[in-house]
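Here, each number is a calculation from the coordinates, and none is a lab measurement. What you see is a predicted model; the values in this text were computed from it and never measured. Note: ideal-geometry Cβ built from the backbone for every residue, glycine included; neighbour counts use all protein chains shown.
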Amino acid sequence: MVHWKTFALGLLSLAASTLKAAPVSDVSERGSAACLVIVDGPPTTAITPGTAVTGLELARSSTGAVTLATSGFETLINYNNGGFGEFYFCNYYWLNIGTSTHSYKPLSWGYDDQETTTWSAGSGEIVTALATSTYSKTSTFLACNESGAWVLYLQTGSDVPAGVT
């Protein structure tokens, strides 16, 4: 059975890491380009008290799904151009909002592919999807426990999948 919880996803205010950036060669993705790996910034954390996901961090599962986990991203997050991107070895994984006829929209990570430019976020702020032609501004997300992983969806209305509790 699928269990859904509604919560707001926001940033936990923590001090930035004092670790220094170190040059790293990433030949698998960028040829012989040298990049800086930056260990910086607090994780993005679910903050709605009283839910099973409170305190869990935004993460990318081994299958690439947008999830909440006990240990999420702790590297540089890019908020430029209305995006939300996690830096990873010379590249970004961008948080994208998919389309659906339901009010819960699927989220995905785009490897160097920023499709969504309507995020409003910053250090210490609530992550918000700004209004588009198909939905209003929202900072509400749904978390679904699928095979032990909390998978995230953007909630733009009030419907939930049939049979949820």
Practice task
May I have the convex hull volume per residue, in Å³, for the Cα set of segment 51-94?
Solution key: 95
Problem - Linear extension gain, Asn81 paired with Tyr111, 0.36 nm per residue minus alpha-carbon span - result: 9.2 nm
Completion exercise
Its Cα gyration tensor gives segment 46-149 an equivalent ellipsoid whose semi-axes in whole Å, largest first, are 19, 18, 14
Practice task
Please list the non-local residues whose amide H lies under 5 Å from the amide H of Tyr88, H modeled 1.01 Å from N, same-chain partners needing a gap of 5 or more.
Solution key: Tyr93
Problem - Formal net charge of residues neighbouring Ala129 (Cβ-Cβ distance under 9 Å; K, R +1; D, E -1) - result: +2
